[in-house]
Every structure is written in C-alpha cells, then in structure tokens.
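The values are calculated or read from the model by the stated rules, or taken from the named source; none is laboratory data. Computed from a predicted model, the values in this text were never measured in an experiment. Glycine gets a Cβ as well: all are built from the backbone with ideal geometry, and neighbour counts include every protein chain shown.
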Amino acid sequence: MQHIQVAVGVIVKDGHVLLAKRPEHLHQGNKWEFPGGKIEAGESLEQAIVRELSEELAIEVSQQHAWFSLDYDYPEKRVSLHMSIVSAFTGEPRGNEGQPVEWVAISELGQFTFPDANQPIIDKLQASDWD
C-alpha cells in the first residue's frame, strides 16, 4: 500500500481557520481541506509547510509550531498527516493553483465536507480555545 507523508498547515487567525478546496480530479477531490502537501525527501515539516503554503497560497510563513500527527488508512493508500499551527505569515492568502480558499469560523467547520482523515483535526480545533 502506498504511504504518503503530508505536511498540513492549520492557519488560525481570530477564531477562524483557512480552508482550501481540493481540485475535483485529485484523491478526495471537491472536499475542503487544510492546505499543505507531500513532504519531499530530506525536507523537515517546517520546510514543507513554508514551501507548500508559498506554492498553494502565495504566503510566506513566519511563525509555526508542530501540533500533532496522525495516520489514516484509505482503501487505496495510507496517509501520515503532520499538522503545524501557522500563527503568523505575510501576504494575502489566495488560491495560487486556482482553488477556492475561505476563512471559516472554527465553530462552523461541521458545515463543510472534508476528507475523512481530517476529522481528528476538526475535533482538536473545536476542543481548543483560539480566541
């Protein structure tokens, strides 16, 4: 089974979190997600977050800290998600790859459709005080 290491940027600001919509043609397409992507060989989580969020959102991360990791098995692949809380960045986030992006109140995340592997992230976000 394919095993993918993924860096996930959980960008939190004023009780909101930034979401991006996955392109329809990708695995778990047309669902909302926390931005990020594959960790490349020799790359740290912090380096992957900086690179991925620059590529996807046109922002430069200036402050982040590792949050937690989880493994999730889909029928066709295993993903290891490594979350980092991004608390400071420069630039205005936009969908650099044409994907919609949206700031969403943490309390309203239940109204969005996410890949199954993202549910523990949502649960932890909603159990914490971000204001």
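Structure values in brief
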{"read-out": "Close pairs from segment 30-44: first closer than 11 Å to Ile4 by Cβ and in a strand (DSSP E or B), partner at pLDDT 95 or above and of a type in the set (Gly, Ala, Ser), Cβ under 9 Å, at least 6 apart", "value": "Gly37/Ala7; Gly37/Ala48; Lys38/Ala7; Lys38/Ala48"}
{"read-out": "Pick from segment 45-79, criterion of a type outside the set (A, V, I, L, M, F, W, C), in contact (Cβ under 8 Å) with a residue 24 or more places away in the chain and not in a strand (DSSP E or B), ranking: nearest to Ile122 (Cα to Cα)", "value": "Tyr74"}
{"read-out": "Selection from segment 99-117 of residues that are part of a helix (DSSP H, G or I) and touching a helix residue (DSSP H, G or I) at 6+ places or on another chain (Cβ under 9 Å)", "value": "Ile106, Ser107, Leu109, Gly110"}
{"read-out": "Any hit, segment 90-98, residues being in a strand (DSSP E or B) and within 19 Å of Ile121 (Cβ to Cβ)", "value": "no"}
{"read-out": "Residue count for segment 1-45, restricted to those that are surrounded by fewer than 15 Cβ atoms within 10 Å (Cβ to Cβ) and not basic (Lys, Arg)", "value": "17"}
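Yes/no per residue for (1) within 17 Å of Val101 (Cα to Cα); (2) at pLDDT 95 or above:
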position	(1), (2)
Leu18	yes, yes
Pro23	yes, no
Leu26	yes, no
Ala48	no, yes
Leu53	yes, yes
Phe68	no, yes
Lys77	no, no
Ser80	no, yes
